Amino acid sequence: MGSRLLAMVRKEWAQLFHEVPILLFVVWAFTGAVYTGGHGIGAELRKYPLLVFDLSRSAESRELISRFRAPYFKVVGYATSDADVVRWLDTGRASLAIVIPPDFERRLHRTGASLQVISDGSQSMSATIAGAHIATIVGRYGVELLPARLGAAARAGVPQIEARMRVEYNPNVDETWFSGFLEVLNQVTMIAMLLAAAAMVREREQGTLEHLLVSPLRPWELFLAKVVPVVVLVPLAALGSVFGIVHGVFGTPIRGSVVLFYAVSVVYVFAMASMGLAIALLARNLGQAMLLLLLILYPMMLLSGAFTPPEAMSPLMRYAGLLSPVRHYVDFGYQVLFKGNGLGYVWPDVVGVLLLGLALFAVSIRRFARLVG
């Protein structure tokens, strides 16, 4: 049995190294894709295009406008009429417009002034973040004017609350730390499924699957031979990407145990490769396998908790996410490498990855046995 399995593993390695396009794709996935994902994906507000329609033209309105500056906002123009505001927003030249009324200065020094904010809601996340920044800037400006209005004698008696924030694990709130590492985890998931599915579909396309079926190989031996190269290659590529791109280029500190991360990554890649084999049994060619892979991959990523906290999901989606290895692996990866937690904190995620991996491997073998029978 051992010699048969070893010979099959050598065959899989040889076939993998002959697939130059797939190898180039793997290299790109753990280098270029991680780099572009770290810089190109983010919810941070940077130089949001802002249009100003100042009907007051007072010193107070100019002072307020001067506070809408980089890095969050960029004033791209000044409107002279309502039609200008509509045109700038409709053409996309501005994503947000601030309309300051003519009586802004008078009301500001009496009962309190207001202004209008018109936002392009087609990009809902950016519009929400921009609105929050606008409210913060306007609120701070109002607080600064309050002591001056009350007089010097009353300044000391004005009650104030100061929030002193301390951000753990990412003090500068650098989103490349988060998005770059998340992209590594996503690539591990996708490449593990793709390589395993491609290995099985290739046998069917080349007509060699029938030869394997009549060989002395048992189904689990055949599947294990398909999985071993993936389990060896992908975790090593992930480590190279973590140290080369995430840590080397983005400057993300690695606080936890690399050995623990690698060991659980091996188990996780085993689970996702098993899922890739199950997908390959449903497909007749690599194109169909890719479509099925995308059909399954994106819901798992959306339910992983990386984009939306599990607590914010509906109960059905939250519990459905527990059935996905991606949910456990993403949580494990951030806990270990970002926070430096050990096995005592992450053992539930490790158990979840292990159990789901064994279940997926068993389902794949059972389906293959039915297909042969």
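Laid out as a table, the results:
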| read-out | value |
| --- | --- |
| Segments 233-242, 176-185, 77-86, 357-366 sorted - mean Cβ within 10 Å per residue, highest first | 176-185, 233-242, 357-366, 77-86 |
| Reach of Lys11 by Cα under 14 Å, taken over aspartates and glutamates that are not fewer than 8 positions away in the same chain | Glu19, Glu203, Glu221 |
| Tensor-based shape of region 82-134 (alpha-carbon gyration tensor, a/c under 1.5 rounded, otherwise prolate or oblate) | oblate |
| For region 205-351: relative contact order, % (alpha-carbon pairs under 8 angstrom, 6 or more apart) | 27 |
| Spatial extent of region 31-129: Rg and Dmax, with the Cα atoms as the point set, Å | 16.2, 59 |
| Helix runs (DSSP H) in the chain reaching 15 Å along axis by Cα, Kyte-Doolittle at least 0.0 | 124-150, 175-206, 219-241, 258-282, 286-302, 343-372 |
| Globularity ratio of the chain, using Cα Rg and 2.2 N^0.38 Å | 1.34 |
| Value of Rg/Rh across region 166-277 [Cα atoms, Kirkwood radius] | 1.13 |
| Fraction of accessible area attributable to carbon and sulfur, the chain (%, probe 1.4 Å) | 63 |
| Global form of region 266-321, assessed from the alpha-carbon gyration tensor, a/c cut-off 1.5 | prolate |
| Selection from Phe53, Pro71, Gly38 lying farthest towards where the dipole of region 18-71 points positive, charges on Cβ | Phe53 |
| Under 14 Å, Cβ to Cβ, from Leu182 - net charge with Lys/Arg +1 and Asp/Glu -1 | -3 |
| Size of electric dipole in the chain: Cβ of Lys, Arg +1 and of Asp, Glu -1, about Cα centre, debye, nearest 20 | 280 |
| Cα gyration tensor shape for region 276-373, rounded if a/c is under 1.5, else prolate or oblate | prolate |
| Relative contact order, percent, the chain [alpha-carbon distance under 8 Å, six or more residues apart] | 18 |
| Alpha-carbon centroids, region 1-79 and region 311-362: separation in whole Å | 25 |
| Unit charges on C-beta of K, R, D, E only; dipole of region 230-373, Debye | 340 |
| Whole-number accessible area per residue in Å² for the chain, which is evaluated in the context of all protein chains at 1.4 Å | 53 |
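The values are calculated or read from the model by the stated rules, or taken from the named source; none is laboratory data. All of these numbers come straight from a predicted model, not from anything done at the bench. Heads up, the Cβs are rebuilt from the backbone with ideal geometry, glycines too, and the neighbour counts pull from every protein chain shown. Surface accessibility is based on the protein's heavy atoms, side chains included, excluding ligands, DNA and RNA. Shrake-Rupley method; radii C 1.70, N 1.55, O 1.52, S 1.80 Å.
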